[in-house]
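Notes follow the structure.
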Amino acid sequence: MQFDFIIVGSGPAGSFSAYLLSELGKKVAIIERDPLFSKRSICGEIIPEKKYLLEAIDEDESIEETFSLSEQFARNRMRNIIFKIGNKEHRLDYGMMSIDRARLVEYLSNRAMNSGCKFLLGRFSSWLEKQDEVKVRVVTEEGEQFLRGSNLVIAAGASFYREMFNVNDMDMAFALRTIVSGISIDNSVRMEIDPHIAPGGYIWIIPMGNGRANVGLGARLPFISRMNPVLSLRNFIINRFKEFNIEEKEAGRLVPVGGMRKARFGRVFLLGDSAGMCVPINGGGLYTAMISAHVLYRVIRDGVPESYEDILAKTIGKIVNTGLVYRKAADLIVFSDRRIRITSKIVPSFIIRDIIAMKKSFRVYPAMKFLSGVAELCRPI
Ligand SMILES: Cc1cc2nc3c(=O)[nH]c(=O)nc-3n(C[C@H](O)[C@H](O)[C@H](O)COP(=O)(O)OP(=O)(O)OC[C@H]3O[C@@H](n4cnc5c(N)ncnc54)[C@H](O)[C@@H]3O)c2cc1C
(Lines give C-alpha, C1' and ligand atoms only; values in the text may rest on other atoms or scores of the structure.)
Protein backbone atom coordinates (compact mmCIF):
# COMPACT_ATOMS: atom_id res chain seq x y z
CA MET A 1 0.00 0.00 0.00
CA GLN A 2 1.24 3.47 -0.88
CA PHE A 3 0.81 6.18 1.77
CA ASP A 4 0.80 9.95 1.44
CA PHE A 5 2.59 10.28 4.78
CA ILE A 6 4.56 7.77 6.82
CA ILE A 7 5.01 9.16 10.34
CA VAL A 8 7.64 7.81 12.73
CA GLY A 9 6.78 8.20 16.42
CA SER A 10 3.50 8.62 18.21
CA GLY A 11 4.44 11.24 20.80
CA PRO A 12 2.72 14.64 20.85
CA ALA A 13 4.22 15.64 17.47
CA GLY A 14 3.58 12.35 15.65
CA SER A 15 0.08 11.74 16.98
CA PHE A 16 -1.07 15.33 16.37
CA SER A 17 0.24 15.29 12.80
CA ALA A 18 -1.30 11.84 12.17
CA TYR A 19 -4.66 13.12 13.38
CA LEU A 20 -4.57 16.35 11.37
CA LEU A 21 -3.31 14.79 8.13
CA SER A 22 -5.78 11.88 8.35
CA GLU A 23 -8.65 14.32 8.87
CA LEU A 24 -7.42 16.16 5.79
CA GLY A 25 -8.09 12.96 3.84
CA LYS A 26 -4.46 11.89 3.43
CA LYS A 27 -3.44 8.23 3.58
CA VAL A 28 -1.32 8.07 6.73
CA ALA A 29 0.68 5.34 8.46
CA ILE A 30 2.23 5.79 11.87
CA ILE A 31 5.10 3.66 13.15
CA GLU A 32 5.64 3.46 16.92
CA ARG A 33 8.15 1.22 18.68
CA ASP A 34 6.74 1.42 22.21
CA PRO A 35 3.58 -0.62 22.89
CA LEU A 36 2.99 1.49 26.02
CA PHE A 37 3.36 4.82 24.21
CA SER A 38 -0.11 6.06 25.20
CA LYS A 39 0.22 5.00 28.84
CA ARG A 40 3.69 6.31 29.54
CA SER A 41 4.25 9.96 30.16
CA ILE A 42 7.91 10.67 30.80
CA CYS A 43 7.39 14.38 31.06
CA GLY A 44 6.81 17.23 33.51
CA GLU A 45 3.57 17.83 31.58
CA ILE A 46 3.44 21.58 32.03
CA ILE A 47 2.99 24.16 29.36
CA PRO A 48 2.59 27.92 29.66
CA GLU A 49 -0.88 29.43 29.56
CA LYS A 50 -1.28 30.84 26.05
CA LYS A 51 -1.58 34.42 27.33
CA TYR A 52 1.90 34.18 28.85
CA LEU A 53 3.47 32.43 25.86
CA LEU A 54 2.25 35.30 23.70
CA GLU A 55 4.69 37.57 25.55
CA ALA A 56 7.37 35.81 23.47
CA ILE A 57 5.70 34.99 20.13
CA ASP A 58 2.85 36.30 18.02
CA GLU A 59 -0.36 34.34 17.90
CA ASP A 60 -1.08 32.35 14.77
CA GLU A 61 -3.37 29.51 13.73
CA SER A 62 -1.00 26.75 14.89
CA ILE A 63 -0.54 28.25 18.35
CA GLU A 64 -4.26 28.80 18.69
CA GLU A 65 -5.13 25.20 17.70
CA THR A 66 -2.39 23.66 19.87
CA PHE A 67 -3.52 25.51 22.97
CA SER A 68 -7.25 25.05 22.50
CA LEU A 69 -6.62 21.30 22.20
CA SER A 70 -4.18 21.13 25.14
CA GLU A 71 -6.58 23.03 27.39
CA GLN A 72 -9.07 20.17 27.10
CA PHE A 73 -6.50 17.99 28.87
CA ALA A 74 -5.55 20.47 31.61
CA ARG A 75 -5.66 18.98 35.09
CA ASN A 76 -4.31 21.89 37.12
CA ARG A 77 -3.53 25.56 36.58
CA MET A 78 -0.87 27.53 38.44
CA ARG A 79 -0.57 31.30 38.61
CA ASN A 80 3.04 31.54 39.82
CA ILE A 81 6.49 30.10 39.47
CA ILE A 82 8.71 30.06 42.53
CA PHE A 83 12.25 30.16 41.24
CA LYS A 84 15.02 29.38 43.70
CA ILE A 85 18.62 30.31 43.01
CA GLY A 86 21.17 30.25 45.84
CA ASN A 87 19.28 31.03 49.02
CA LYS A 88 16.87 33.37 47.32
CA GLU A 89 13.36 32.60 46.13
CA HIS A 90 11.65 34.69 43.46
CA ARG A 91 7.88 34.52 43.16
CA LEU A 92 7.13 35.19 39.49
CA ASP A 93 3.75 35.99 38.02
CA TYR A 94 3.66 33.45 35.16
CA GLY A 95 0.72 31.13 34.52
CA MET A 96 1.20 27.49 33.54
CA MET A 97 -1.00 24.42 33.28
CA SER A 98 -0.37 20.78 33.98
CA ILE A 99 -1.86 18.61 31.25
CA ASP A 100 -2.54 14.89 31.01
CA ARG A 101 -0.13 14.06 28.22
CA ALA A 102 -0.91 10.33 28.08
CA ARG A 103 -4.61 11.03 27.62
CA LEU A 104 -3.86 13.67 24.99
CA VAL A 105 -1.67 11.30 22.95
CA GLU A 106 -4.20 8.49 23.28
CA TYR A 107 -7.00 10.78 22.13
CA LEU A 108 -5.03 11.99 19.09
CA SER A 109 -3.94 8.48 18.08
CA ASN A 110 -7.50 7.17 18.35
CA ARG A 111 -8.87 10.08 16.32
CA ALA A 112 -6.20 9.46 13.67
CA MET A 113 -7.07 5.75 13.47
CA ASN A 114 -10.79 6.54 13.28
CA SER A 115 -9.97 8.66 10.24
CA GLY A 116 -8.20 5.76 8.54
CA CYS A 117 -4.61 6.11 9.78
CA LYS A 118 -2.81 2.74 9.85
CA PHE A 119 -0.91 2.05 13.07
CA LEU A 120 2.15 -0.18 12.93
CA LEU A 121 3.96 -1.35 16.05
CA GLY A 122 7.63 -1.61 15.16
CA ARG A 123 10.98 0.11 15.02
CA PHE A 124 11.73 2.42 12.12
CA SER A 125 15.30 1.72 11.09
CA SER A 126 16.10 3.47 7.81
CA TRP A 127 14.72 5.15 4.75
CA LEU A 128 15.60 5.41 1.12
CA GLU A 129 14.48 8.37 -0.94
CA LYS A 130 13.79 7.91 -4.61
CA GLN A 131 12.61 10.60 -6.98
CA ASP A 132 8.94 10.60 -6.11
CA GLU A 133 8.69 8.30 -3.10
CA VAL A 134 10.25 7.29 0.18
CA LYS A 135 10.81 3.65 1.11
CA VAL A 136 10.88 2.97 4.84
CA ARG A 137 12.23 -0.12 6.64
CA VAL A 138 10.44 -1.13 9.83
CA VAL A 139 11.37 -3.99 12.14
CA THR A 140 8.32 -5.58 13.76
CA GLU A 141 7.83 -8.73 15.84
CA GLU A 142 7.04 -10.58 12.63
CA GLY A 143 10.24 -9.43 10.96
CA GLU A 144 11.10 -6.56 8.65
CA GLN A 145 8.54 -4.70 6.57
CA PHE A 146 8.84 -2.01 3.93
CA LEU A 147 6.38 0.85 3.57
CA ARG A 148 6.21 3.20 0.63
CA GLY A 149 5.03 6.76 0.86
CA SER A 150 5.14 10.13 -0.85
CA ASN A 151 6.50 11.79 2.32
CA LEU A 152 8.26 10.75 5.51
CA VAL A 153 7.60 12.57 8.80
CA ILE A 154 10.12 11.95 11.56
CA ALA A 155 8.71 12.65 15.02
CA ALA A 156 10.91 10.15 16.82
CA GLY A 157 12.14 12.31 19.69
CA ALA A 158 15.50 13.45 21.01
CA SER A 159 17.59 10.33 20.31
CA PHE A 160 17.02 10.88 16.62
CA TYR A 161 18.16 14.52 16.95
CA ARG A 162 21.35 13.48 18.72
CA GLU A 163 22.29 10.85 16.15
CA MET A 164 21.17 12.60 12.99
CA PHE A 165 22.81 15.95 13.71
CA ASN A 166 25.83 14.69 15.65
CA VAL A 167 24.97 17.05 18.51
CA ASN A 168 27.55 17.99 21.17
CA ASP A 169 26.71 16.33 24.52
CA MET A 170 26.58 19.72 26.26
CA ASP A 171 23.63 20.48 23.99
CA MET A 172 21.73 17.49 25.35
CA ALA A 173 20.12 17.11 28.76
CA PHE A 174 18.85 14.03 30.50
CA ALA A 175 15.65 14.57 32.44
CA LEU A 176 13.76 12.23 34.71
CA ARG A 177 10.65 12.52 36.77
CA THR A 178 8.44 10.70 39.22
CA ILE A 179 4.94 11.26 40.59
CA VAL A 180 4.57 11.75 44.34
CA SER A 181 1.30 11.86 46.25
CA GLY A 182 0.14 12.53 49.80
CA ILE A 183 2.12 15.79 49.99
CA SER A 184 1.20 19.25 51.09
CA ILE A 185 2.34 22.02 48.71
CA ASP A 186 1.01 25.34 47.50
CA ASN A 187 -0.31 25.64 43.97
CA SER A 188 2.83 27.13 42.35
CA VAL A 189 5.40 25.62 40.03
CA ARG A 190 8.79 25.36 41.74
CA MET A 191 12.09 25.49 39.87
CA GLU A 192 15.35 25.24 41.76
CA ILE A 193 18.92 25.66 40.62
CA ASP A 194 21.32 23.34 42.45
CA PRO A 195 24.47 22.20 40.63
CA HIS A 196 24.93 19.27 43.03
CA ILE A 197 21.56 17.75 42.19
CA ALA A 198 20.94 18.98 38.63
CA PRO A 199 24.18 20.26 37.05
CA GLY A 200 23.40 22.60 34.15
CA GLY A 201 19.67 22.18 34.66
CA TYR A 202 17.11 22.46 37.42
CA ILE A 203 14.82 20.55 39.75
CA TRP A 204 11.07 21.00 39.44
CA ILE A 205 7.97 20.40 41.53
CA ILE A 206 4.76 20.70 39.56
CA PRO A 207 1.51 20.45 41.50
CA MET A 208 -1.03 18.18 39.80
CA GLY A 209 -3.81 18.82 42.32
CA ASN A 210 -5.12 16.62 45.17
CA GLY A 211 -1.77 16.43 46.98
CA ARG A 212 0.04 15.01 43.94
CA ALA A 213 3.04 16.46 42.14
CA ASN A 214 5.34 15.73 39.25
CA VAL A 215 8.85 16.01 40.67
CA GLY A 216 11.87 15.77 38.44
CA LEU A 217 15.23 17.05 37.41
CA GLY A 218 17.09 17.80 34.23
CA ALA A 219 20.89 17.77 34.04
CA ARG A 220 23.30 18.13 31.16
CA LEU A 221 24.40 14.92 29.54
CA PRO A 222 28.17 14.97 30.26
CA PHE A 223 27.41 15.25 34.00
CA ILE A 224 24.85 12.47 34.14
CA SER A 225 27.50 9.75 33.86
CA ARG A 226 29.20 11.20 36.97
CA MET A 227 26.07 11.11 39.11
CA ASN A 228 23.17 8.83 39.89
CA PRO A 229 20.15 10.90 38.84
CA VAL A 230 17.61 8.49 40.35
CA LEU A 231 19.34 8.64 43.72
CA SER A 232 19.68 12.44 43.49
CA LEU A 233 15.96 12.78 42.81
CA ARG A 234 15.02 10.39 45.64
CA ASN A 235 17.24 12.23 48.12
CA PHE A 236 15.73 15.52 47.06
CA ILE A 237 12.21 14.17 47.66
CA ILE A 238 13.13 12.64 51.03
CA ASN A 239 14.68 15.90 52.21
CA ARG A 240 11.83 18.04 50.90
CA PHE A 241 8.65 16.26 52.00
CA LYS A 242 7.87 14.98 55.47
CA GLU A 243 5.32 12.51 54.17
CA PHE A 244 4.89 11.22 50.66
CA ASN A 245 4.18 8.19 48.50
CA ILE A 246 5.97 7.44 45.25
CA GLU A 247 3.14 6.77 42.82
CA GLU A 248 5.23 6.11 39.73
CA LYS A 249 8.82 4.98 39.42
CA GLU A 250 11.43 7.43 38.18
CA ALA A 251 11.70 7.42 34.39
CA GLY A 252 13.76 9.61 32.12
CA ARG A 253 15.10 10.26 28.66
CA LEU A 254 17.05 12.76 26.57
CA VAL A 255 16.02 16.35 25.94
CA PRO A 256 17.56 18.45 23.15
CA VAL A 257 18.78 21.83 24.45
CA GLY A 258 21.01 22.85 21.55
CA GLY A 259 18.47 24.64 19.39
CA MET A 260 16.66 23.89 16.16
CA ARG A 261 18.27 22.17 13.22
CA LYS A 262 17.15 21.70 9.65
CA ALA A 263 13.57 20.45 9.65
CA ARG A 264 13.01 19.52 6.02
CA PHE A 265 15.01 17.49 3.54
CA GLY A 266 12.91 17.29 0.38
CA ARG A 267 10.17 14.76 1.13
CA VAL A 268 11.34 14.25 4.70
CA PHE A 269 9.89 16.51 7.42
CA LEU A 270 11.18 16.61 11.00
CA LEU A 271 8.90 17.46 13.90
CA GLY A 272 9.35 18.26 17.60
CA ASP A 273 12.39 16.94 19.48
CA SER A 274 13.73 15.23 16.34
CA ALA A 275 14.67 18.68 15.00
CA GLY A 276 15.59 20.14 18.42
CA MET A 277 12.39 22.11 18.92
CA CYS A 278 12.69 22.15 22.72
CA VAL A 279 13.19 25.51 24.40
CA PRO A 280 16.83 25.22 25.55
CA ILE A 281 16.53 27.31 28.72
CA ASN A 282 13.80 25.14 30.28
CA GLY A 283 13.53 21.93 28.20
CA GLY A 284 9.88 22.58 27.31
CA GLY A 285 9.05 20.77 24.09
CA LEU A 286 5.54 19.44 24.45
CA TYR A 287 3.72 22.40 22.96
CA THR A 288 6.47 23.24 20.42
CA ALA A 289 6.26 19.64 19.14
CA MET A 290 2.51 20.05 18.70
CA ILE A 291 2.87 23.44 17.04
CA SER A 292 5.33 21.90 14.54
CA ALA A 293 2.75 19.18 13.75
CA HIS A 294 0.13 21.81 13.08
CA VAL A 295 2.51 23.85 10.89
CA LEU A 296 3.13 20.72 8.80
CA TYR A 297 -0.61 20.20 8.41
CA ARG A 298 -1.06 23.85 7.35
CA VAL A 299 1.58 23.79 4.63
CA ILE A 300 0.19 20.52 3.24
CA ARG A 301 -3.39 21.82 3.37
CA ASP A 302 -2.35 25.03 1.62
CA GLY A 303 -0.17 23.22 -0.93
CA VAL A 304 3.05 25.00 0.12
CA PRO A 305 5.31 22.33 1.69
CA GLU A 306 8.34 24.46 0.84
CA SER A 307 7.15 27.02 3.46
CA TYR A 308 7.42 24.55 6.35
CA GLU A 309 10.73 25.83 7.71
CA ASP A 310 9.86 29.50 7.13
CA ILE A 311 6.69 29.23 9.20
CA LEU A 312 8.52 27.28 11.90
CA ALA A 313 11.13 30.03 12.06
CA LYS A 314 8.43 32.64 12.67
CA THR A 315 6.73 30.65 15.44
CA ILE A 316 8.74 28.09 17.38
CA GLY A 317 12.04 29.37 15.98
CA LYS A 318 11.66 32.63 17.88
CA ILE A 319 11.38 31.09 21.32
CA VAL A 320 13.89 28.31 20.70
CA ASN A 321 16.52 30.78 19.49
CA THR A 322 15.91 33.20 22.37
CA GLY A 323 15.94 30.25 24.79
CA LEU A 324 19.27 29.12 23.35
CA VAL A 325 20.87 32.53 23.94
CA TYR A 326 19.57 32.50 27.54
CA ARG A 327 20.74 28.93 28.13
CA LYS A 328 24.24 29.67 26.88
CA ALA A 329 24.48 32.79 29.05
CA ALA A 330 23.16 30.85 32.06
CA ASP A 331 25.90 28.26 31.48
CA LEU A 332 28.36 30.84 32.81
CA ILE A 333 26.61 30.64 36.19
CA VAL A 334 24.76 27.41 36.80
CA PHE A 335 27.72 25.06 37.19
CA SER A 336 29.37 26.97 40.03
CA ASP A 337 28.18 27.45 43.63
CA ARG A 338 30.11 30.70 43.94
CA ARG A 339 28.66 32.22 40.78
CA ILE A 340 25.16 31.12 41.76
CA ARG A 341 25.60 32.78 45.17
CA ILE A 342 26.79 36.05 43.64
CA THR A 343 24.11 36.04 40.93
CA SER A 344 21.35 35.35 43.42
CA LYS A 345 22.36 38.48 45.34
CA ILE A 346 22.37 40.84 42.36
CA VAL A 347 19.86 39.59 39.78
CA PRO A 348 16.36 41.07 40.22
CA SER A 349 13.16 39.08 39.70
CA PHE A 350 12.17 40.85 36.48
CA ILE A 351 15.29 39.54 34.71
CA ILE A 352 14.58 35.98 35.79
CA ARG A 353 10.98 36.34 34.70
CA ASP A 354 11.95 37.60 31.22
CA ILE A 355 14.32 34.66 30.84
CA ILE A 356 11.72 32.11 31.91
CA ALA A 357 9.12 33.76 29.65
CA MET A 358 11.63 33.53 26.75
CA LYS A 359 11.01 37.23 26.16
CA LYS A 360 13.43 38.96 23.83
CA SER A 361 13.17 42.12 25.92
CA PHE A 362 15.50 45.07 25.39
CA ARG A 363 16.30 45.14 29.12
CA VAL A 364 17.61 41.56 29.17
CA TYR A 365 18.29 40.17 25.69
CA PRO A 366 21.30 42.30 24.53
CA ALA A 367 23.26 41.60 27.73
CA MET A 368 22.41 37.90 27.55
CA LYS A 369 23.43 37.77 23.90
CA PHE A 370 26.81 39.19 24.86
CA LEU A 371 27.18 36.71 27.74
CA SER A 372 26.18 33.80 25.52
CA GLY A 373 29.04 34.75 23.18
CA VAL A 374 31.43 34.75 26.14
CA ALA A 375 30.05 31.38 27.25
CA GLU A 376 30.66 29.92 23.78
CA LEU A 377 34.31 30.94 24.07
CA CYS A 378 34.73 29.20 27.41
CA ARG A 379 32.50 26.13 27.20
CA PRO A 380 33.20 23.89 30.20
CA ILE A 381 33.41 20.92 27.81
C1 LIG B 1 11.51 14.04 32.24
C2 LIG B 1 11.04 15.01 31.18
C3 LIG B 1 10.21 16.06 31.54
C4 LIG B 1 9.74 16.95 30.58
N5 LIG B 1 8.88 17.92 30.97
C6 LIG B 1 8.33 18.74 30.04
C7 LIG B 1 7.35 19.69 30.42
O8 LIG B 1 6.95 19.77 31.59
N9 LIG B 1 6.85 20.49 29.47
C10 LIG B 1 7.24 20.41 28.17
O11 LIG B 1 6.75 21.20 27.35
N12 LIG B 1 8.16 19.51 27.78
C13 LIG B 1 8.71 18.66 28.68
N14 LIG B 1 9.62 17.72 28.30
C15 LIG B 1 9.98 17.63 26.88
C16 LIG B 1 8.86 16.94 26.11
O17 LIG B 1 8.50 15.74 26.74
C18 LIG B 1 9.31 16.66 24.68
O19 LIG B 1 9.83 17.84 24.13
C20 LIG B 1 8.15 16.16 23.84
O21 LIG B 1 7.70 14.93 24.32
C22 LIG B 1 8.58 16.03 22.38
O23 LIG B 1 7.57 15.38 21.66
P24 LIG B 1 7.93 14.54 20.34
O25 LIG B 1 6.63 14.04 19.84
O26 LIG B 1 8.78 15.36 19.46
O27 LIG B 1 8.86 13.34 20.83
P28 LIG B 1 8.60 12.19 21.91
O29 LIG B 1 7.61 12.59 22.91
O30 LIG B 1 9.95 11.78 22.38
O31 LIG B 1 7.96 11.01 21.05
C32 LIG B 1 8.74 10.26 20.16
C33 LIG B 1 8.03 8.95 19.89
O34 LIG B 1 8.75 8.26 18.87
C35 LIG B 1 8.91 6.91 19.22
N36 LIG B 1 10.11 6.43 18.54
C37 LIG B 1 11.39 6.84 18.74
N38 LIG B 1 12.24 6.19 17.92
C39 LIG B 1 11.47 5.36 17.17
C40 LIG B 1 11.77 4.42 16.14
N41 LIG B 1 13.02 4.20 15.71
N42 LIG B 1 10.75 3.73 15.59
C43 LIG B 1 9.46 3.93 16.01
N44 LIG B 1 9.13 4.80 16.98
C45 LIG B 1 10.12 5.50 17.55
C46 LIG B 1 9.03 6.93 20.75
O47 LIG B 1 8.70 5.68 21.32
C48 LIG B 1 8.03 8.03 21.11
O49 LIG B 1 6.72 7.51 21.31
C50 LIG B 1 10.14 16.82 29.22
C51 LIG B 1 11.00 15.78 28.86
C52 LIG B 1 11.44 14.88 29.83
C53 LIG B 1 12.34 13.76 29.43
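Structure data summary
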quantity: Cα Rg, Dmax (largest Cα-Cα span) when computed across segment 297-381, Å; calculated: 16.8, 55
quantity: Assigned charges on the beta-carbon of Lys, Arg, Asp, Glu; the chain dipole about Cα centre (debye); calculated: 1020 debye
quantity: Options MET170, SER349, GLY116, ranked by Cα towards positive dipole end of the chain, top entry (Cβ charges); calculated: SER349
quantity: Low-density loop cleavage sites - trypsin sites (Lys or Arg not before Pro) in segment 69-172, where at most 11 other Cβ are within 10 Å (DSSP); calculated: LYS130
quantity: Proximal lysines to LYS262, defined as alpha-carbon separation beneath 16 angstrom and excluding residues fewer than eight positions away on the same chain; calculated: LYS314, LYS318
quantity: Environment charge at ASP100 (Cβ cut-off 9 Å; Lys +1, Arg +1, Asp -1, Glu -1); calculated: +2
quantity: At 1.002 mPa s and 20 °C, Stokes D of the chain from Kirkwood alpha-carbon radius, µm² per second; calculated: 101 µm²/s
quantity: Most fluctuating residue given options VAL139, VAL180, VAL215, as computed from a GNM of the chain linking Cα atoms under 10 Å; calculated: VAL139
quantity: Segment 3-44 shape via C-alpha gyration tensor axes, a/c threshold 1.5; calculated: prolate
quantity: Debye, to nearest 20: dipole size of segment 250-351, +1 on Lys, Arg Cβ, -1 on Asp, Glu Cβ; calculated: 260 debye
quantity: Whole-number percent relative contact order across segment 232-320, with pairs defined as alpha carbons under 8 Å at least 6 apart; calculated: 23 percent
quantity: 10 Å beta-carbon shell around VAL325, net charge (K/R +1, D/E -1); calculated: +4
quantity: Added length on full extension, which subtracts the Cα-Cα distance from 0.36 nm per residue, LYS262 to MET1; calculated: 91.0 nm
quantity: Å² of accessible area per residue within the chain, as computed with a 1.4 Å probe and no ligands counted; calculated: 43 Å²
quantity: Computed [θ] at 222 nm, deg cm²/dmol, the chain (DSSP H ≥ 4; -39,500 (n - 2.57); rounded to nearest 500); calculated: -10500 deg cm²/dmol
quantity: Straight-distance crosslink candidates among aspartates and glutamates, where the alpha carbon sits under 14 Å from LYS88 and sequence neighbours closer than 8 are dropped; calculated: GLU192, ASP194, ASP337
quantity: Where labels lie 7 Å past Cα in the beta-carbon direction, separation of SER150 and LYS369 in nm; calculated: 4.2 nm
quantity: Where trypsin sites (Lys or Arg not before Pro) fall in DSSP loop in segment 305-365, at most 10 other Cβ within 10 Å; calculated: ARG363
quantity: Zone residues, segment 1-29, relative to GLU133, backbone N less than 14 Å from point 7 Å out along Cα-to-Cβ; calculated: 1-6
quantity: Carbon/sulfur fraction of accessible area - segment 62-191, other protein chains in place, 1.4 Å, %; calculated: 41 percent
quantity: Qualifying GluC sites (Glu not before Pro) in segment 218-290, DSSP loop, other Cβ atoms within 10 Å at most 13; calculated: GLU243
quantity: Paramagnetic label zone (point 7 Å from Cα along Cα-to-C-beta, LYS314; backbone N under 18 Å) in segment 64-82; calculated: 64-66
quantity: Solvent-accessible surface (1.4 angstrom probe) belonging to ASP4, in square angstrom, nearest 10; calculated: 50 Å²
quantity: Positive minus negative residues near VAL134 (Lys, Arg vs Asp, Glu; Cβ under 12 Å); calculated: +1
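The values are calculated or read from the model by the stated rules, or taken from the named source; none is laboratory data. Computed from a predicted structure; not experimentally measured. In this analysis, Cβ positions are derived from the backbone assuming ideal geometry, glycine residues included, and neighbour counts consider all displayed protein chains. Side chains are part of the model used for accessible areas, which takes the heavy atoms of the whole protein and leaves out ligands, DNA and RNA. Shrake-Rupley method; radii C 1.70, N 1.55, O 1.52, S 1.80 Å.
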